[in-house]
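Trainee: Next up is a structure, given as structure tokens.
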Amino acid sequence: MKCPFCGHSDTQVLDSRVSSEEADTVRRRRRCLSCDKRFTTYERVGLALPSVVKRNGNCSDYDGIKLRNSFALALRKRPIDLKEIDSAVVRIEEFLLISGLREVQTQHIGKLVMNELKKLDQVAYLRYASVYKNFETVKDFINIIEEIHNDSFKIEN
Ligand SMILES: [Zn+2]
């Protein structure tokens, strides 16, 4: 990618995100390593977001609103800004776009959501996990609470 100001061919990517208007376009903020000017490029990925394959094998188009709703449901009444949900959704979409996958299993998306929730809010993570992992016994909850507890213990130390 050549710098539009000085023509230098080495640029550093400062930030990449999926364009909010067009989900198949990745917007990158770049910095020229020679003249230090900043510019933005829009890259269209050859593939759009992958189709989503459900547990029963049915395939449907990727649905960003559905993903946002899962976050909103898990984070209901939790002190989390909507902007943080948006960023989490963007990170997942970006990951899926860049992966170049044509199909993705719902379980895989579920795991990505869990990873994001784990960072955002532990209560929401627990809520989502209980539905997603189909908890049936109190022991299931105890196990995941221990997992969360051990993780935060690791971070503190
Ligand atoms: Zn330059």
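Trainee: Answer yes or no as to whether Arg91 is in contact (Cβ under 8 Å) with a residue 12 or more places away in the chain, under 19 Å from Lys111 (Cβ atoms) and of a type in the set (D, E, K, R). Quick ask: steps written out before the conclusion?
Mentor: Details: in contact (Cβ under 8 Å) with a residue 12 or more places away in the chain: yes; under 19 Å from Lys111 (Cβ atoms): yes; of a type in the set (D, E, K, R): yes.
So Arg91 passes the test.
Trainee: Return only the number of the condition from (1) farther than 20 Å from Thr25 by Cα; (2) acidic (Asp, Glu); (3) in a strand (DSSP E or B) that Glu43 does not satisfy.
Mentor: Checking Glu43 against (1) farther than 20 Å from Thr25 by Cα; (2) acidic (Asp, Glu); (3) in a strand (DSSP E or B), the one that fails is (1).
Trainee: Regarding Ala124, is this residue without any contact (Cβ under 8 Å) to a residue 24 or more places away in the chain and either surrounded by 14 or more Cβ atoms within 10 Å (Cβ to Cβ) or under 18 Å from the mean Cα position of the chain (by Cα) (or both)? If you could, list the steps in order and put the result at the bottom.
Mentor: On the way: without any contact (Cβ under 8 Å) to a residue 24 or more places away in the chain: no; either surrounded by 14 or more Cβ atoms within 10 Å (Cβ to Cβ) or under 18 Å from the mean Cα position of the chain (by Cα) (or both): yes.
No: the conditions fail for Ala124.
Trainee: State yes or no: is Asp36 free of Cβ contacts under 8 Å to residues at least 12 places away in the same chain, among the charged types (D, E, K, R) and within 16 Å of the ligand (Cβ to nearest atom)? Break it down into steps so the answer makes sense when it comes.
Mentor: On the way: free of Cβ contacts under 8 Å to residues at least 12 places away in the same chain: yes; among the charged types (D, E, K, R): yes; within 16 Å of the ligand (Cβ to nearest atom): yes.
Against the criterion (free of Cβ contacts under 8 Å to residues at least 12 places away in the same chain, among the charged types (D, E, K, R) and within 16 Å of the ligand (Cβ to nearest atom)), Asp36 qualifies.
Trainee: Could I ask something else about it? Of the residues Arg31, Arg78, which single one is within 30 Å of Leu126 (Cβ to Cβ) and at pLDDT 90 or above?
Mentor: Numbers: Arg31 fails: within 30 Å of Leu126 (Cβ to Cβ).
Just a single option satisfies the conditions, and that option is Arg78.
Trainee: Checking the conditions here, which among Gly46, Gly57 is away from the ligand (no atom under 16 Å from the Cβ), at pLDDT below 90, loosely packed, with under 14 Cβ neighbours inside 10 Å and not β-branched (Val, Ile, Thr)?
Mentor: On the way: Gly57 fails: at pLDDT below 90.
Going through Gly46, Gly57 in turn, just one is away from the ligand (no atom under 16 Å from the Cβ), at pLDDT below 90, loosely packed, with under 14 Cβ neighbours inside 10 Å and not β-branched (Val, Ile, Thr): Gly46.
The values are calculated or read from the model by the stated rules, or taken from the named source; none is laboratory data. Because the structure is a prediction, the values reported are computed rather than measured. Note that each Cβ is placed from the backbone with ideal geometry, even for glycine, and that neighbours are counted across all protein chains shown.
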